[in-house]
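Let me begin by presenting the structure, written as C-alpha cells, before commenting on it.
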Amino acid sequence: MPSRRFSRSRAAVVLAAAVVLLVTACSPGGGSTSEPTGEPVTGGTLTYASGDAEPSCLDPHVGGNYPQALIATQYLESLVSLDEDGEVIPWLATEWQESDDGMAWEFTLREDVTFTDGTPFDAEAVAANIAHVQDPATASSTGYLALAKVEDVVAVDDHTVRLELSAPDSALLESLSQVWVAMESPKALERSQDENCAAPVGTGPFVVDGWERQDSVTLVRNEDYTSPPADAEGTNLPYLDSIVWRFIPDSASRYAALQSGEVQVIDNAQPDTIQSAEPDEAIEELDAPRPGAANRIELNSSKAPFDDERVREAFIRSVNVDEGIEGLFFGTAERSYSPLSSVEPLGLSLPELFTVDTDAAASLLDEAGWAERDAEGYRVKDGERLTLDFPVSTNQSIPAEQSLFEQIQADAKTAGFEIKLHPLDLSSWYGALAENDYDLVSAPYTKVGPDVLRILYHSASIEPAPSGYFANLAQVDDPAVDDLLTRASTTSNPDDRESLYEQAQRVILEGYYILPLYDQQNHFLYSSTVQGLRAMPTVSTPTFAEAWLAS
Amino acid sequence: MTLPVPTTGARRRPAPGNRRWLLLRAGGVVFVLWAAATITFFALRLVPGDPAQAILGGPGSQAGPEALEQVRREYGLDQPLVVQYLTYLGRLLTGDLGQSYSLHEPVATAIGEQFGATLTLALCSLALAWALACALAAWSVRGGRVAWAIGSGLELVAAAVPHFWLATVLILFFSLTLGVLPPVSVPGPLGIVLPALTLAIPLAGFLGQVMRESLLTAMESPFVTTARARGESEVRIFWRHTLRHAAIPAVGLSGWAFGSLISGAVVVEAVFARQGLGRSLLSAVQLRDVTLVTGIVLVVALAYTVMTLLTDLADRAIDPRTRAVTQ
C-alpha cells in the first residue's frame, strides 16, 4: 500500500475501530497498518538492514542515488516537504512566494534551527548548499538536475533567501523537497569531500556517529532536534536513542535476520519474501512506491524496427504483462498504465491501450512489411529477422522483474518477435545505452513530481551528453510533446499545468513509446514492535523521526 | 603461480641451496604480484562500460555532463589506457596503492579496515576444517569398513558443496529452526561460527580426502604392523603414527586452502553480511573501482604467496627428502 494510502488507512482505523478489530481478528496478520499502540516509548536501538549497496558517500549531494536518500532521510532535512495528498508543506522554510514573472522565489526560513555542529541555519546556509550541489567538484547528479534552473541565490536578510531562476520552474518546490538537495551545515561542507562523505552534518532527528565500512553506519539521537516537517506527529522527537544501519545484500539472509530479531526493519523485500511473511503476526509491511516514473519498458523509436509506430503497437498488443505480474509478484505489484507512478497526482492512466490483441498485432506486422516468417517462426522483412535487443541491468531489475522479461520474451516469440535479453552489470548497461545498442530497455527514474516527464520525454534528453547518457530512452522526438512539456514546466497556473501534463502523457501513451509495468517497487518489512514508522511522501524513504520500539 | 603440489615420492633432482631457493621464490612472488596487478587492471578496463558513470551513478541517479567530465579529469580517466596503467604501476612501486573513489578514502586504509576480519575468518575456517577432517578420519578409522566408506562419502559430498547453498542450509537449521546462532554476522565469537563453518566444511572434505589416501598407505606400512603387534589400539595408532604421515600432503595444501578461503569469503561475507575483503572486492568490482580491486587482489596474492612460502618452508623442515644435501 503506498505511503499516502497507508496513512489514510490510519484515519479509517480510528473511524471504524470496531470493524477493523473484527476484520483483523479473522484475517491473517502482516497487513500494512501500524497503528501506534499506547504511548510512545523513548529510548532503544533499532537495527535497519538495507539490501542496497553501501553508499560510497553519506552526503546525498555527491552522486545522488536512492540508497543515499534512504539513510540521509534520517539526518538531513529539506526546505519543504509534501503531505499525503502531494501538497507542498513547510519544513525548514515556513513560507514561500513566487515572483509575478516566475523568475524568482523567496523563502522565509525558520529561525530556531541549528545544525548538529552548532552552526545556525540561515539564508547563507541555503546559499552554501545550493552552491555545493552546483559545484562540478561535488559531482552531484540528481541534485544538480533538480536545481538546473537556479541561477543565483541571494540572502535578502538572515532568514529570507531568494532563488533567481533562468526560466520559470513549476517543479521547483517539488525538486527542493528531495533529500538530494537537503540542507547541510555550511561549516561541515567546507571540510574535504572525503570527510564530509563520512559524516555529513544536518538538522535532522539523528546524527551520523560512526561508519564501519562494509558493515554498518551508526546514527544517534539529535538531542536538540527542533525541526520536524509540518505533518510530523508527536512531541519530543525522535524517540529512538540510536539506529544501526546495516547492509545485508543477500535477500534471504536479510529476511532471516528480521525473523530471528537481529534486525527490526528490512528494505528491498522481494515478492516471495513478502508473501511468506504475510501470515507472520510479528512482521508488518510498508509498501511505499517511489514517485516519478512508473517502471516501464521503453521502445527505442530512433531506429528500425520501432521507428514504425505499427511495430511498436504490435509489440505492445502481443505481450501479456498482467499474467506475468500476477504469477511473479504474488499480488505485491499492481499493473500500471501510466508513465507516472501511482503516487503522482497528475498521472494519466490509459488501460485500453494495453489490452492484448494478437490478431491486431499480426495484421499490424503484416501492414508494416513484416509479413513473412522464417523457419523458427520469427517474422522477417527483406531477409532480416525481427530482432529486438533488450539490455537488462541486473543491478536495477529484481529477479522477479527479470523473470517477467523472460515471459514477455516468450509471448513476443509467438507473435514473431525475437527478443534477445542481455543481462548486464550497471556499467556495461550504461555502455549499451550510450551506443544506442538497444530496442527495449527498462530504466527506473525517481523524482518528485510530473516534471520527470520533461526529463524522460523531451527531445533535448535524446542529445547524448558527453557522457553518452541520455534519459529519453524511448527517444521520443515530437515537437508537440516538447512544447507541452516546456509549457507545463514553466506555467504558474496549476490547472494549466495539470492539463498540459495530461496531454503530454496522452501523446506518449498513444504513440506506443512505452509499456508501463508497475510502480517502482519499494517494500519494507518490519517487526511489529516498531511503531510510528512511515514513508516520507516526498521520495518514499522511511523516516524514523516518529518511530519507537514497543516493549 | 604454481600450486604447491604435494609430493610423497622422493625428488630425483636435488633441491637447490637454501639461499638460491629463497631468491628464486622471492622473484616468483614479485612476478605473481606484477601479473596479478596487470591482469586485474586490464580485465576491469576492457569490459564495456564507463567508469565515470559508475562513479557517479548508482541505480536511480543520472549524471550531468559537467560532473562526468570533472570525474574523468580527477581520476585521470581521460588519459590513454597505457598511460593510466604506467601511472598506476609507477605509483605502486612507491608503495602507493592509490585512492578508492567508491569509498572516498585511500586504498591502503580501506584494506587495513577490512583485512583483519577476513584474516580472522580464514584462520578460524582453516582451524575448523582441520579439526573436522581429523575428527572424521579418526572416527572412520575406528569404525571399520562401513565407517570408512561413510567417512569417505561424507568428504566427497562436503568437498562438492557450494558455499552459498551451504550457508543457506546452515542459516535455516541453526538460526531459524534451532534459533541458537545469528543468521547474520554480529560482534563477538558467536557471529563467526556460521561463516567459518560454511567455509570449513567443503575444505574439510577436501583435506580429508587427501589425508585418507596417505592414511591408507601409512596404515599398510611396517611401522603400523609393528605398533599393532605391540598391542596398540587403532585409535592410538591413528593419533600417534599414521595421522602424522597423512598430514604432510594436507599441510602442503594449506597454502592453497588459504587462497581458496579468501575467494570463498567473497560469497560468505556477502551472505552473512560480514565485514571483510571479499565483500569489499565484490562491491568494488560492481562499481568498477579499479584501484580498490587491484589493491585487494594484490594483498590477497601477497597473502597467498607468503602462505605458500611458509608451507614450503614447513615442508622442508618436516620432510628431509625436500632438503638440499649439505656437503
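Helix B:65-74 versus the longest principal axis of chain B: what is the Cα-based angle in degrees, 0 to 90, to the nearest 10? Between the helix axis and the principal axis of chain B, the angle is about 60 degrees. Any chance you could count the Lys pairs in chain A whose alpha carbons are under 17 Å apart, treating pairs 8 or more apart or on different chains as valid? The number of close lysine pairs in chain A is 4. Between the alpha-carbon centres of region A:152-220 and region B:74-131 there is a gap of 31 Å.
Only protein heavy atoms count here, probed at 1.4 Å, and on that basis chains A and B bury about 3900 Å² of accessible area in total. What's the local net charge at residue A:369, with K and R +1, D and E -1, over the other residues with C-beta under 12 Å away? In short, -3.
Within region A:208-313, the percentage of alpha carbon pairs spaced more than 18 angstrom apart rounds to 70%. Seen from residue A:76, the other residues with C-beta closer than 14 Å to its C-beta sum to a net charge of -4, counting Lys and Arg as +1 and Asp and Glu as -1. Gain on full extension, evaluated as 0.36 nm per residue between residue A:437 and residue A:85 minus their Cα-Cα distance, stands at 122.7 nm. Taking all protein chains together, A:224, A:483 sort by accessible area into A:224, A:483, largest first [probe 1.4 Å].
For the set B:285, A:179, the ranking by accessible area, highest first and with no ligand, DNA or RNA atoms included, is B:285, A:179 under a 1.4 Å probe. Here the extension length gained between residue B:312 and residue B:152 equals 54.9 nm, from 0.36 nm per residue of separation less the Cα-Cα distance.
Highest GNM mean-square fluctuation among B:22, B:33, B:292, for chain B modelled with Cα contacts below 10 Å: B:22.
Only Cα pairs under 8 Å and 6+ residues apart enter the sum, and on that basis the relative contact order of region A:295-518 stands at 31 percent. Principal axis extents of the Cα atoms in region A:430-511, from largest to smallest and rounded to whole angstrom, are 40, 24, 21. Taking all protein chains as shown and a probe of 1.4 angstrom, residue A:354 keeps an accessible surface of around 10 Å². Applying the Kirkwood pairwise sum to the alpha-carbon positions of chain B produces a hydrodynamic radius of 22.6 angstrom.
Of all DSSP bridge pairs formed entirely within region A:295-518, close to 60 percent run antiparallel. Once you have a ≥ b ≥ c as the square roots of the Cα gyration tensor eigenvalues for region B:56-205, tell me rounded if a/c is under 1.5, and otherwise prolate or oblate according to whether a/b is larger than b/c. It comes out prolate by the Cα gyration axes.
Set the Förster radius R0 to 45 Å, insert the Cβ-Cβ distance between residue A:480 and residue B:120 as r into 1/(1 + (r/R0)^6), and round the FRET efficiency to 0.05.
0.10
Were the residues from residue A:309 through residue A:510 laid out at 0.36 nm apart, the gain over their Cα-Cα distance would be 71.4 nm.
Legend: helices of chain A (whole DSSP H runs) are marked when their alpha-carbon atoms reach 15 angstrom or more along the helix axis and their mean Kyte-Doolittle hydropathy is at least -0.5; marked are A:3-15, A:123-134, A:479-490. Inter-chain neighbour count for B:184-196: the average number of beta-carbon atoms from partner chains within 10 Å of each residue's beta-carbon is 2.
Normalising the average separation of contacting C-alpha pairs (under 8 angstrom, six or more residues apart) by the number of residues puts the relative contact order of chain B at 29 percent. As a length-normalised measure over Cα pairs under 8 Å and 6 or more apart, the relative contact order of chain A settles at 21 percent.
Between helix B:107-142 and chain B there is an angle of about 20 degrees, using the helix long axis and the longest principal axis of the Cα atoms.
For region A:295-518, the Kirkwood estimate of the hydrodynamic radius, built from every pair of different alpha carbons, is 17.9 Å. In chain A, the DSSP beta bridges split such that about 75 percent are antiparallel, to the nearest 5.
According to the Cα-based calculation, Rg over Rh for the protein assembly as shown is 1.02, with Rh computed by the Kirkwood formula. Per atom type, the protein assembly as shown shows carbon and sulfur on 57% of its accessible surface, probed at 1.4 Å. In the context of the full set of protein chains, residues of the protein assembly as shown present 41 Å² of accessible surface per residue (probe radius 1.4 Å, heavy atoms only). Relative to the dominant Cα principal axis of chain B, helix B:81-93 is inclined by about 60°.
With a simple spin-label model that places each label point 7 Å from the Cα along the Cα-to-Cβ direction, the separation between residue B:226 and residue A:282 comes to 6.2 nm.
The values are calculated or read from the model by the stated rules, or taken from the named source; none is laboratory data. Quantities reported herein were computed from a predicted structural model and do not represent experimental measurements. Every residue, glycine among them, receives a Cβ derived from its backbone with ideal geometry; neighbour counts consider all protein chains shown. The area values use the complete protein model at the heavy-atom level, side chains included, leaving out ligands, DNA and RNA. Shrake-Rupley method; radii C 1.70, N 1.55, O 1.52, S 1.80 Å.
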